[in-house]
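Read the structure below first, then the notes.
The values are calculated or read from the model by the stated rules, or taken from the named source; none is laboratory data. Model, not experiment: these values are computed from the prediction. Counting neighbours? That spans all protein chains shown, and the Cβs are built from the backbone with ideal geometry, glycine included. What goes into the accessible areas is simple: the full protein's heavy atoms, side chains included, and nothing from ligands, DNA or RNA. Shrake-Rupley method; radii C 1.70, N 1.55, O 1.52, S 1.80 Å.
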Amino acid sequence: MTVRTRVLILLSAIVALAAVAAASVLHASARAERRNQAVPGGPEVTSGTVTLTAPGRMVFRNMAWGPHRDELTTVPSSDPSGPRTSSGVKCLRFYAASGTGVCLQAVHGTVSDTYRAVILDARLHTRAHYAVPGIPSRARVSPTGHLAAWTAFVGGDSYAGTDFSTRAAIVDTRTGKLIPSLESFRIVKDDRPYRAADGNFWGVTFASDDRTFYATLATKGRTYLVRGDLDTRTVTTVHENVECPSLSPDGTRIAYKKRAKGLPKDAPWHLYVLDLRTQRETALAEPRSVDDQAVWRDGHTVVYALPGDYGADLYAIPSDGSGKPHRILTAGVSAAFPR
């Protein structure tokens, strides 16, 4: 092969790569433009005031295409399919209680994105923010609003397999005192001290006493519901095969996803409710795999997200195993029912 031929081949390769790069940029630009355009027939979303103390409201991350995508948005709890009021505050994950919110956000950089947890007041003003060491996954606020928690993937990006690592943090929203990782807590498993070099924690949910919380612990290929004590910095195993727990308003039951036999490896979960006193499990009447940390709309109804045309839709189902799931809202995720 002559030098001239080699040069021509090199130039051709450069031109081809430049064309591919240009096409990629144009495609990304067009996609970003489409994201900012409302889809005909989609939810009606307008700018307005969103607060975390308005009674009878649901607040969630709006997923509808248009200028308000990813913003915290509110609708009446009694009419979630109605017109939406959007706040302008964008979150990847969100939760709120007693006038306090936690919003997990992406901070877009020139080379790569970083993430942070933002503590919001009742009017969605920033009170504090903390670096999040990976991709945001779960968020919770205690019933009093005094504590907030979040989980991030620091290795891998899915709970479906076993090749992932998480970091769960808790902060006192009054003092700003941060527990950056639950991995510093002492573990009691089967009434004995337990050391787990491979331990992962995620999916924190709080009791109303500002001391007790529940979470998932994964170790040696198994998952456990653990009860945590912030005063003694101890977690104690309660029940096996529990992921992403959510404590009921009365503090007596846990809604969670459980790995069920016969389901695909990439979608292995079924929704259950655990009675903490009797340890009795109740399977909920949702046949699809739910990869979400469900929330309690009230003491009788659980709300969760499933994939939809806009990314995710919100569904509700009775917590006693009766009834059937029904979609309450399209194009939404990270629901909260501030009390």
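Isolated cysteines of the chain, defined as having no other cysteine beta carbon under 4.7 Å away, are CYS244. Loop-located trypsin sites (Lys or Arg not before Pro) across segment 207-255 with a Cβ neighbour count of 16 or fewer within 10 Å are ARG211, LYS220, ARG233, with loop assigned by DSSP. 3J(HN,Hα) along segment 42-53, derived from phi through the Karplus expression 6.51 cos²θ - 1.76 cosθ + 1.60 where θ = phi - 60°, amounts to x, x, 7, 10, 10, 6, x, 8, 10, 10, 9, 10 Hz, with x in place of Gly and Pro. In straight Cα distance, which lysines are under 23 Å from LYS265, not counting same-chain residues fewer than 8 positions off? Correct list for LYS265: LYS220, LYS257. Residue-wise HN-Hα couplings along segment 292-307, as the Karplus relation 6.51 cos²θ - 1.76 cosθ + 1.60 with θ = phi - 60° gives them from phi, are 7, 8, 4, 10, 9, 6, 7, x, 10, 9, 10, 10, 7, 9, 9, x Hz; Gly and Pro carry x.
Taking 31 Å as the limit for the C-alpha separation, the pairs LYS189/LYS258; LYS189/LYS261; LYS177/LYS324; LYS90/LYS261 exceed it in the case of LYS177/LYS324; LYS90/LYS261. Computed from backbone phi, the HN-Hα couplings of segment 142-151 come to 5, x, 7, x, 7, 10, 9, 9, 8, 10 Hz, rounded to whole numbers (Karplus: 6.51 cos²θ - 1.76 cosθ + 1.60, θ = phi - 60°; Gly and Pro given as x). Summarised in one figure, the compactness ratio Rg/Rh of segment 174-282, Cα atoms and Kirkwood Rh, is 0.97. Taking label positions 7 Å along the Cα-Cβ direction at both LYS261 and ASP163, the computed distance is 2.7 nm, reported to one decimal. Solvent exposure of ILE135, expressed as accessible area, is near 80 Å², computed with a probe of 1.4 Å over the protein chains only. Annotation: extensible slack from ASP198 through SER322 equals 40.8 nm (criterion: 0.36 nm per residue apart, minus Cα-Cα distance).
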